[in-house]
Amino acid sequence: MVSRVIPVDEFDLVIFGGTGDLARRKILPALFRRFQTGQMTKDSRIIGAARSGYSNEDYRAEMKAALEEFLEKESRPAREVKAFLERVHYVSIDATGKSGWKELKALMRPGVVQAFYFSVAPSLFGPLAERLQEWKCALKDARLVVEKPFGRDLETARQLNKTLRDYFDESQIYRIDHYLGKETVQNLMAVRFGNMLFEPLWNSQHVDHVQITVAETVGVNGRGAYYDKSGAMRDMVQNHLMQLLCLIAMEPPSRFDPDAVRDEKLKVIRALDPVPAENIARGQYVSDDAGESYLDQVGNPDSATESFIALKIQVSNWRWAGVPFYLRTGKKLKARQSEIAIVFKDAPHSIFGQDVGRHRNILTIRLQPNEGINLRVTIKEPGPGGMRLVDVPLDMTFKEALGAESDDIADAYERLIMDVIRGNQTLFMRGDEVEAAWAWTDPIIAGWKERGDRPSPYDSGSTGPEDAAILLHREGRKWREIRA
Ligand code: NAP
């Protein structure tokens, strides 16, 4: 199988925050990889923009160093890096002042796709959007890409949406949730809507429950000050896990187009029940390898912010009535593992009697590691000795199934940036979706504050606090293993 790379239209992509961590670590390496495949055409340009007073040459040297730091040596031949960097430019600009805007305006070319990536603090979104219009840098159909966090509650998200929409149309705004750009996440839609096999079973009649796990081994690292104001609920659940839940729970859209998909996701968010306190378990890690606790790392001994959260969520509609969705995510856990598991109900009657034990089909969509899909099915245990049943996996790791081609599976940022250039908003969150997600999240967080709830301690390298296990145990269920 040879994948076809269809070049995108010629573009000018301006990265505000072009000297920052995200630009160095993700955006530039992603663009380089698309350049290597031929998807980024040779006349397209990347324009880094930040206050630092670099020349084009200084900036190219910085970005060369970034590619060297974040890409394997064998994947970045010097000739290709050189050719790529010739397409990279820099303008020194102040998002809140006047300097640099005339120079940026002079650089922009009419007749090519224009995209402006706001890889800066959200407080700069307004000043940037305003100046792009004021200095006439943006053409009528220019695209804005904005990064998370998109607000910290409903009020701030509304304010951000309003600020952007004062200057740009919703159809021009691309809110990135990189989870939506992952190959497996899109495969979730392909599996659901491209096969006859699963969709008829995708409902409360056949599904016992759904589990979504995003487990990280890292702690807050250098992000302690930011993270402590956010926590797992804001940082992971409101956006990434919520998006995964939507893709599982949504009705089939009539077409795979931006508004059809996003309308269906929005309906799911609006169908979420409020979550009572007894359906939430929060945790804080107490020590890591160096003996440091969450509290040490954020430098706030009184912090009540959670580094782990598990929730039981109900989607109140005909399809999902009575089917719990269990979500959990946390830092400093036993292993790095992200997966969605659809746990089907037991067969209604066992013709093999009670002795064969309990067997269930489970469809697992693995996001990391080893992106792939696994279906657990029940078969007869081989050999003589009567009818004994055993569960075996039908396992498809994309790398194995697709062979060499899978080495070319684009990283989420590669795919999403190319979608921006193509003008395809399907994998980006719409403003009303983000607001609806905050409208559901806010009362949960407000409840903790009102009650003075504190997260429970859990050991680094564990699977989270005991309360999380109880959340399922009390209903005769258990979490899927987090495997080291
Ligand atoms: P960062 O390393 O602090 O970079 C911030 C960038 O903004 C720098 O390039 C800085 O350059 C520029 N900047 C600051 N003030 C400016 C101004 N007044 N005018 C023009 N440029 C200005 O931040 P980051 O980690 O790259 O993150 C950028 C955004 O992405 C943030 O909103 C963050 O929350 C989000 N995000 C980051 C990550 C990540 O992995 N890093 C992941 C998801 C989301 P100068 O100082 O030279 O002006």
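Considered as a group, the residues in segment 218-246 that are surrounded by 16 or more Cβ atoms within 10 Å (Cβ to Cβ) and among the β-branched types (Val, Ile, Thr) include one that is farthest from Arg328 (Cα to Cα), and that residue is Val220. Every test in (1) of a type outside the set (Lys, Arg); (2) open to solvent by 40 Å² or more (accessible area, probe 1.4 Å); (3) over 20 Å from Ser52 (Cα atoms) is passed by Ser92 save one, and that test is (3).
The rows are residues; the columns are (1) part of a loop (DSSP other than H, G, I, E, B); (2) closer than 30 Å to Gly222 by Cα; (3) more than 16 Å from the ligand (Cβ to nearest atom); (4) out of contact with any helix residue (DSSP H, G or I) (no Cβ under 6 Å at 6 or more places or on another chain).
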residue: Pro7; (1), (2), (3), (4): yes, no, yes, yes
residue: Asp12; (1), (2), (3), (4): no, no, yes, yes
residue: Thr19; (1), (2), (3), (4): yes, yes, no, yes
residue: Thr41; (1), (2), (3), (4): yes, no, yes, yes
residue: Glu57; (1), (2), (3), (4): no, yes, yes, yes
residue: Arg60; (1), (2), (3), (4): no, yes, no, no
residue: Tyr90; (1), (2), (3), (4): no, yes, no, no
residue: Gly97; (1), (2), (3), (4): yes, yes, no, yes
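Yes or no: segment 115-123 includes at least one residue that is in contact with an Asp or Glu (Cβ under 8 Å, 6 or more places away or on another chain) and small (Gly, Ala, Ser). The answer is yes; a qualifying residue exists.
Quick one: in segment 99-109, which of the residues that are of a type in the set (A, V, I, L, M) and surrounded by 13 or more Cβ atoms within 10 Å (Cβ to Cβ) is nearest to the ligand (Cβ to nearest atom)? Break it down into steps so the answer makes sense when it comes.
Initially, segment 99-109 is screened for residues of a type in the set (A, V, I, L, M), giving 104, 106-108.
Now drop any that are not surrounded by 13 or more Cβ atoms within 10 Å (Cβ to Cβ), which leaves 104, 107-108.
Working: Leu104: 11, Leu107: 15, Met108: 17 Å.
Checked segment 99-109; the qualifying residue nearest to the ligand (Cβ to nearest atom) is Leu104.
Touching a Gly at 6+ places or on another chain (Cβ under 6 Å) and within 30 Å of Asp411 (Cα to Cα) - does that describe any residue in segment 276-289? Yes: one or more hits. Mind telling me which of the residues Ala281, Ala260, Ala249 ends up being among the aliphatic types (A, V, I, L, M), touching a Ser or Thr at 6+ places or on another chain (Cβ under 6 Å) and open to solvent by less than 30 Å² (accessible area, probe 1.4 Å)? Only one candidate qualifies: Ala260. Taken together, the criteria exclude Phe84 from residues that are within 16 Å of the ligand (Cβ to nearest atom) and either open to solvent by 40 Å² or more (accessible area, probe 1.4 Å) or in the same structural domain as Ala50 (by TED's automatic domain parsing) (or both). If the condition is being within 16 Å of the ligand (Cβ to nearest atom) and either loosely packed, with under 15 Cβ neighbours inside 10 Å or among the polar types (S, T, N, Q) (or both), then segment 132-141 contributes only Glu134. In the set (1) at pLDDT 95 or above; (2) of a type outside the set (Lys, Arg); (3) under 19 Å from Leu28 (Cα atoms), the condition left unmet by Ser99 is number (3).
One line per residue, one yes/no per condition, for (1) at pLDDT below 95; (2) of a type in the set (Phe, Trp, Tyr); (3) open to solvent by 10 Å² or more (accessible area, probe 1.4 Å):
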position: Val146; (1), (2), (3): no, no, no
position: Asp153; (1), (2), (3): no, no, yes
position: Arg158; (1), (2), (3): no, no, yes
position: Lys182; (1), (2), (3): yes, no, yes
position: Leu188; (1), (2), (3): yes, no, no
position: Glu199; (1), (2), (3): yes, no, yes
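Evaluated against (1) under 28 Å from Pro465 (Cβ atoms); (2) open to solvent by 30 Å² or more (accessible area, probe 1.4 Å); (3) of a type in the set (Gly, Ala, Ser), Ser254 falls short on exactly one condition, (1). Filtering segment 110-131 to residues that are open to solvent by less than 60 Å² (accessible area, probe 1.4 Å) and either more than 15 Å from the ligand (Cβ to nearest atom) or in contact with a His (Cβ under 8 Å, 6 or more places away or on another chain) (or both) leaves Val112, Val113, Gln114, Ala115. Residues in segment 21-39 that are away from the ligand (no atom under 16 Å from the Cβ) and either part of a loop (DSSP other than H, G, I, E, B) or open to solvent by 10 Å² or more (accessible area, probe 1.4 Å) (or both): Arg33, Arg34, Phe35, Gln36, Thr37, Gly38, Gln39.
Kindly establish whether Arg51 is basic (Lys, Arg), within 16 Å of the ligand (Cβ to nearest atom), at pLDDT 95 or above and touching a helix residue (DSSP H, G or I) at 6+ places or on another chain (Cβ under 6 Å). Spelling it out, it is not the case that Arg51 is basic (Lys, Arg), within 16 Å of the ligand (Cβ to nearest atom), at pLDDT 95 or above and touching a helix residue (DSSP H, G or I) at 6+ places or on another chain (Cβ under 6 Å).
Evaluate the following for Arg79: is it open to solvent by 40 Å² or more (accessible area, probe 1.4 Å), away from the ligand (no atom under 15 Å from the Cβ) and touching a strand residue (DSSP E or B) at 6+ places or on another chain (Cβ under 8 Å)?
So Arg79 fails the test.
Out of curiosity, is Glu155 of a type in the set (Asp, Glu) and within 16 Å of the ligand (Cβ to nearest atom)? No; evaluated as a whole, the condition is false for this residue.
Can you give me the ranges of the helices (runs of 4 or more DSSP H) entirely in segment 384-484 with at least 1 residues that are closer than 25 Å to Ile280 by Cβ? Before the answer, list the steps.
Details: elements: 398-402, 412-422, 431-451, 466-473.
The helices (runs of 4 or more DSSP H) meeting that bar are 431-451, 466-473.
The values are calculated or read from the model by the stated rules, or taken from the named source; none is laboratory data. What you are looking at is a predicted structure, and each value in this text was computed from that prediction instead of being measured. Backbone-built Cβ (ideal geometry, glycine too); neighbour counts: all protein chains shown. These area figures cover heavy atoms from the full protein model, side chains too; ligands, DNA and RNA do not enter into them. Shrake-Rupley method; radii C 1.70, N 1.55, O 1.52, S 1.80 Å.
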